[in-house]
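> Structure below; questions to follow.
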Amino acid sequence: MTILDIQAYRLRLPDTARPVLDGVDLTVRAGETVALVGESGSGKSLTSRSVLGLLPDGATTGGTVRVNGEDVLTMTPERLRDLRTGTAAMVFQDPRAAINPLRRLGDFLTESVRLNGRLAAAAAAERAAEMLDAVGLPAAVLDRYPGQVSGGMLQRVMIAAALMGDPALILADEPTTALDVTTQAEVVALLGDLQERFGTGLLFVTHDLGLAAAISDRVSVMYAGRIVETGPAEDLFDRPRHPYTAALLASTPRLDAPQGRLAAIEGRPPGLREELTGCPFAPRCPIATELCTEQAPALLSIEAEPGRRTACHHSDRTGEGSADA
Amino acid sequence: MPDLNQEDAVDPKGAPAVRRTVLEVVGLHRAFGGVRAVDDVSFTLAEGGSLGIVGESGSGKTTTARIVVGLERADAGQVLVHRRDRTEHRRGRAHRLARAREVQLVFQDPYLSLDPRTTVGAALRETLRLHFPDADHPRRIAELLDQVGLGEREADALPRQLSGGQRQRVAIARALAVEPAVLVLDEAVAALDVSVQAQILNLLADIRARTGIGYLFITHDLGVVRCVTDDVVVMRHGRIVESGPTTEVLAHPQHDYTRLLLDSVPRPGWDPRSIAAARRAL
Amino acid sequence: MTATLLRRPGLARLRTSRAPLHRICLGFVALVVLAALLAPWLAPHDPNAVDLGNALAGPSGDHPLGVDASGRDTLARLVAGARTSLLGPLGVVAFSTLAGIAVGVTAAWRGGWLDSVLSRGTELVFAFPGLLLAILIVSVYGEGLIAPVVALAIAYLPYVSRLTRSLVLAERSRPYVEAYQVQGHSGLQICLRHVIPGIAPVVLAQATVNFGYALIDLAGLSFLGLGVPALTPDWGRMVFDGQSAIQHGYPLSAILPCLAIVLTVVAFNVVGERWADQVARRDR
């Protein structure tokens, strides 16, 4: 069953020359983990926030963002509130910034289910203890303040809070970026366990291609508001077909890559004030041709590799391209 | 306590490294309340070498760096640069400037480490005026900016008009303006995007090759350590648990904690559950 | 910037961001300042020319705002009074702001026992009513503008020093200050070149608000007959002189200076608040 279905989603902000999100297609099925990978400004966080109807001021949208078949973009405020407290939940990057430091964690956990009248206070507290148990924390945490627990524990509380409304979809926006590497493993393991247990769909937004490949079923790579490549995690990691994916992999300092200089991507992503003609990556691409600067490539399926799509005129050449050196 | 004796060490690139020691840290201790943040930490950095300090939050790596730089005092121990002790704080302008020329620092967050009201050129000029009052400042500023891959256009810009990578380049240029013997990089690439991070890491490698400056690289990222350091020190709970040549430590980790750190780096086929279990067991 | 200006409770409600009010107030401030600067040329009559035969006359072509009980032209005295009435608060604000910044920066930067001494000291001044302090000093030193200005400057110093201290503490914890320390700059250089320019807009906004309060306090002192010499035109003094006129049923010569005081204070407050809000928004 498809829980999240984003089709040709466009988002435009005032005073910009190009759409911030330009024709984003993305689906997440029940029990599936999809990673959305990109650098800052690529639009990955904006995409995940759009799923909850959290749009920036003055944004105009096109296309559809369906959660359980219902379009978020045309929802009434009441329906949106139901969506945010029930069907879909978000885990933010920095739990310290997202949780009110002056309230007990118990209040934080039970607030939304009590406010929308789904549960009475006693039942809410019971469920909170149950969810804390699910994320491996004792019920005593309910009486603690955010300042009294570690960052890793706080992120687990955040995940417990996301589970309170029994969501069908969890949106995790860089949930481990602020954590230590060993804590990251713990949180990722926890998300995986919970997903198996509750059958939740998970959209994992991250800048870390290695992490994305390690934990997800499918990966979508974003660049300048567009999805440039999507496919099964392992294939994409082993044989990137878009030069940007290849360059991103080559510029990550990895433990298994040859030592020495990194293959850095020169230049920087196009700003929002720049009009885009053709492929947004063309100015930084080692294999770009005239065609790339003139005509934007569509996200097309790759023959012989089911489930993979890439938006590159020269995807057949990427494998041996210099960006993968 | 393991000690990196540079005189006997062999450079990983193959050249025999009989190099002078530029930075020597001996028996550093620092406690905050009852917590031993830094507990008997010793290491040496060879001239023109690059030493990584790896650890997670609470390992004491940042406190160690701050003591080396002089932003934090040590309860006990010495920080020697060219055999001169930095920890005894003598007052006065000459001592202050001499200390600055020994060690410079690049902070983690380039958004916060530059004064938002000072242009790039003015920030560099200020530093040059302080340390080299007689130098040809406009020429040197152009030189420094060029060295970090920035142009004249950026000299007139305020920090907020620059991207994260450009700001970090400015921060590096400003540290280099002092012409220090050692550059401490405290998670200097952690806040940057992957593609920008690669640019900065390459830039840092180039600068070291050209100037012979020594790096003390504070980071949690083993990939970064592997990429830019010759030697590495692994810290946990304020103590050094393992140290040695980077390639050696990463290929054949001796301590369980180093192994856990290595296993925690995500890659295809990665099993977070076993790591979580190993972490609890440690 | 999390620090908020210190406001007197009653006037705090005057904060507004509606543009027309701010523009009107800005215009009024400009008008008053201009009147004070050009008073000798603008005043239609000698403000001290006594004409007892014409006492308490209503508005006429020659005296558009009438005359007071001594037959002095009200408009001329208002314009000439603007000078004294603004000069006093200016002195108070200039002194209290400069000294307050010095005290606040020193306390925040050095910390430790010096901070304790300076902070407790300013709190002591805070606890002592400014007006009472002024009356005390004036009664010791006698007539003249200097004594009340110095007294009020001391009374206003804690407003500035406390604000400055909290701002500098916030600024000091920012990494760029540490970066300058590592570069070898001395604390004094960092404060003068970076920290003080950084916090200046907020402190100056507070100074503008203080200006209004100082004006009220000084006017109150002159109303009590303290400070400003008897013959010097001054709004507070005019209200005092106008009391007898009110009893005779000719309120104009007392009400107009009252109005001038109230409007000027309100205008300075609105302008200062707006400035502070703008600074806060820009820094966010």
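> When the residues of the range A:69-83 are narrowed to those that are in contact with a helix residue (DSSP H, G or I) (Cβ under 8 Å, 6 or more places away or on another chain) and within 17 Å of A:LEU203 (Cα to Cα), which ends up modelled with the lowest pLDDT?
Among them, the one singled out is A:LEU83.
> Among the residues of the range B:95-114, write down those that are small (Gly, Ala, Ser), more than 16 Å from B:ASP186 (Cα to Cα) and either more than 7 Å from chain C (Cβ to nearest Cβ) or touching a Phe, Trp or Tyr at 6+ places or on another chain (Cβ under 7 Å) (or both).
Listed by number, the list holds a single entry, B:ALA98.
> Condition first: at the interface with chain B (Cβ under 7 Å from one of its Cβ atoms) and touching a helix residue (DSSP H, G or I) at 6+ places or on another chain (Cβ under 6 Å). Can you find one or more residues in the range A:236-246 that meet it?
yes
> Can you tell me which residue in the range B:118-141 is nearest to B:GLN197 (Cα to Cα), limited to those that are part of a helix (DSSP H, G or I) and without any contact (Cβ under 8 Å) to a residue 12 or more places away in the chain?
The selected residue is B:ALA122.
> Also: When the range A:173-203 is examined, which residues are found to be touching a residue at least 60 places away in the same chain (Cβ under 8 Å) and assigned to a loop (DSSP other than H, G, I, E, B)?
Of everything in the range A:173-203, those that are touching a residue at least 60 places away in the same chain (Cβ under 8 Å) and assigned to a loop (DSSP other than H, G, I, E, B) turn out to be A:GLU174, A:PRO175, A:THR177, A:ALA178, A:GLY199, A:THR200.
> Let me ask something additional. Scan the range B:38-56 and give yes if some residue there is more than 22 Å from C:HIS194 (Cα to Cα), more than 10 Å from every other protein chain (Cβ to nearest Cβ), out of contact with any helix residue (DSSP H, G or I) (no Cβ under 6 Å at 6 or more places or on another chain) and surrounded by fewer than 16 Cβ atoms within 10 Å (Cβ to Cβ), otherwise no.
Within the range B:38-56, one or more residues are more than 22 Å from C:HIS194 (Cα to Cα), more than 10 Å from every other protein chain (Cβ to nearest Cβ), out of contact with any helix residue (DSSP H, G or I) (no Cβ under 6 Å at 6 or more places or on another chain) and surrounded by fewer than 16 Cβ atoms within 10 Å (Cβ to Cβ).
> Let me ask something else. Could you pull out every one of the helices (runs of 4 or more DSSP H) wholly within the range A:52-121 that has 3 or more residues that are free of Cβ contacts under 8 Å to residues at least 24 places away in the same chain?
Helices (runs of 4 or more DSSP H) meeting the threshold: A:77-82, A:105-115.
> Anything in the range B:147-179 that is under 25 Å from B:VAL225 (Cβ atoms) and either among the charged types (D, E, K, R) or surrounded by 23 or more Cβ atoms within 10 Å (Cβ to Cβ) (or both)? List them, or say none.
Scanning the range B:147-179 gives B:ARG167, B:GLN168, B:ARG169, B:VAL170, B:ALA171, B:ILE172, B:ALA173, B:ARG174, B:ALA175.
> I'd like to check something: does the range A:103-116 contain any residue that is hydrophobic (A, V, I, L, M, F, W, C), farther than 25 Å from B:ALA191 by Cα and modelled with pLDDT under 85?
yes
> Counting only residues that are closer than 19 Å to A:PRO280 by Cα and either of a type in the set (S, T, N, Q) or part of a helix (DSSP H, G or I) (or both), how many does the range A:233-249 have?
7
> List pairs: first in the range B:196-213 and more than 9 Å from chain A (Cβ to nearest Cβ), second of a type outside the set (A, V, I, L, M) and assigned to a loop (DSSP other than H, G, I, E, B), Cβ under 6 Å, 6+ apart or cross-chain?
Here the result reads B:GLY212/B:GLY48, each pair linking the range B:196-213 to a residue that is of a type outside the set (A, V, I, L, M) and assigned to a loop (DSSP other than H, G, I, E, B).
> Taking the range A:203-225, which residues are crowded, with 24+ Cβ neighbours inside 10 Å and more than 13 Å from chain B (Cβ to nearest Cβ)?
Within the range A:203-225, A:LEU203, A:VAL205, A:SER220, A:GLY225 qualify.
> Related question: Which of the following residues is under 21 Å from A:PRO270 (Cβ atoms), of a type outside the set (Ser, Thr, Tyr) and in contact with a Leu (Cβ under 6 Å, 6 or more places away or on another chain): A:VAL24, A:VAL37, A:VAL28?
The match here is A:VAL37.
> Kindly list the number of the only condition in (1) in contact (Cβ under 8 Å) with a residue 40 or more places away in the chain; (2) assigned to a helix (DSSP H, G or I); (3) buried (at least 17 other Cβ atoms within 10 Å of the Cβ); (4) not charged (D, E, K, R) that fails for C:LEU226.
Only one criterion in (1) in contact (Cβ under 8 Å) with a residue 40 or more places away in the chain; (2) assigned to a helix (DSSP H, G or I); (3) buried (at least 17 other Cβ atoms within 10 Å of the Cβ); (4) not charged (D, E, K, R) is unmet by C:LEU226, namely (2).
> Being free of Cβ contacts under 8 Å to residues at least 24 places away in the same chain and surrounded by fewer than 20 Cβ atoms within 10 Å (Cβ to Cβ): is that true of A:ARG254 here?
So A:ARG254 does not fit the description; no.
> Hey, another quick one. Could you check, for the range A:232-246, whether at least one of its residues is buried (at least 22 other Cβ atoms within 10 Å of the Cβ), in contact with a Ser or Thr (Cβ under 6 Å, 6 or more places away or on another chain) and among the basic types (Lys, Arg)?
Checking the range A:232-246: at least one residue is buried (at least 22 other Cβ atoms within 10 Å of the Cβ), in contact with a Ser or Thr (Cβ under 6 Å, 6 or more places away or on another chain) and among the basic types (Lys, Arg).
> Show the residue pairs meeting these rules: Cβ distance below 6 Å; 6+ apart or different chains; first residue within the range B:254-269 and over 15 Å from B:HIS237 (Cα atoms); second residue buried (at least 20 other Cβ atoms within 10 Å of the Cβ) and among the acidic types (Asp, Glu).
Close Cβ pairs satisfying both conditions: B:GLN254/B:GLU242.
> So, of the residues in the range C:175-211 that are closer than 22 Å to B:ALA171 by Cβ and touching a residue at least 40 places away in the same chain (Cβ under 8 Å), which turns out to be farthest from the other protein chains (Cβ to nearest Cβ)?
The qualifying residue farthest from the other protein chains (Cβ to nearest Cβ) is C:CYS191.
> So which residues in the range B:242-262 are more than 8 Å from chain A (Cβ to nearest Cβ) and surrounded by fewer than 20 Cβ atoms within 10 Å (Cβ to Cβ), if there are any at all?
Listed by number, the residues that qualify are B:GLY244, B:PRO245, B:GLU248, B:ALA251, B:HIS252, B:PRO253, B:GLN254, B:HIS255, B:ASP256, B:ARG259.
> Right, something else. How many residues, within the range A:18-34, are part of a strand (DSSP E or B) and of a type outside the set (Asp, Glu)?
Total meeting the criteria: 9.
> Give the number of residues within the range B:155-184 that are touching a Lys or Arg at 6+ places or on another chain (Cβ under 8 Å) and without any contact (Cβ under 8 Å) to a residue 60 or more places away in the chain.
Result for the range B:155-184: 5.
> Scanning for something surrounded by fewer than 20 Cβ atoms within 10 Å (Cβ to Cβ), facing chain B (nearest Cβ under 9 Å), over 29 Å from A:THR27 (Cα atoms) and out of contact with any Asp or Glu (no Cβ under 7 Å at 6 or more places or on another chain), does the range A:282-291 turn up at least one residue?
Looking through the range A:282-291, none of the residues is surrounded by fewer than 20 Cβ atoms within 10 Å (Cβ to Cβ), facing chain B (nearest Cβ under 9 Å), over 29 Å from A:THR27 (Cα atoms) and out of contact with any Asp or Glu (no Cβ under 7 Å at 6 or more places or on another chain).
> Test each condition in (1) more than 14 Å from chain A (Cβ to nearest Cβ); (2) more than 12 Å from the chain's Cα centre (by Cα); (3) of a type in the set (Ser, Thr, Tyr) for B:THR64 and report the one that comes out false.
Condition not satisfied by B:THR64: (2).
> Limited to the range A:226-235, what total is found for residues that are within 12 Å of chain B (Cβ to nearest Cβ) and in contact with a Cys (Cβ under 8 Å, 6 or more places away or on another chain)?
0
> In addition: Name the one entry in C:ILE190, C:ILE216 that is at pLDDT 90 or above and of a type in the set (A, V, I, L, M, F, W, C).
C:ILE190
> Still on this model: Being part of a loop (DSSP other than H, G, I, E, B), in contact with a helix residue (DSSP H, G or I) (Cβ under 8 Å, 6 or more places away or on another chain) and either more than 10 Å from every other protein chain (Cβ to nearest Cβ) or not aliphatic (A, V, I, L, M) (or both) narrows it down to one of A:GLY271, A:GLY278, so name that one.
A:GLY278
> Can you tell me which residues in the range A:225-274 are modelled with pLDDT of 85 or more, of a type in the set (Asp, Glu) and closer than 23 Å to A:THR289 by Cα?
A:GLU229
The values are calculated or read from the model by the stated rules, or taken from the named source; none is laboratory data. What you are looking at is a predicted structure, and each value in this text was computed from that prediction instead of being measured. Here the Cβ is made from the backbone with ideal geometry for all residues, glycine too, and neighbour counts use every protein chain on show.
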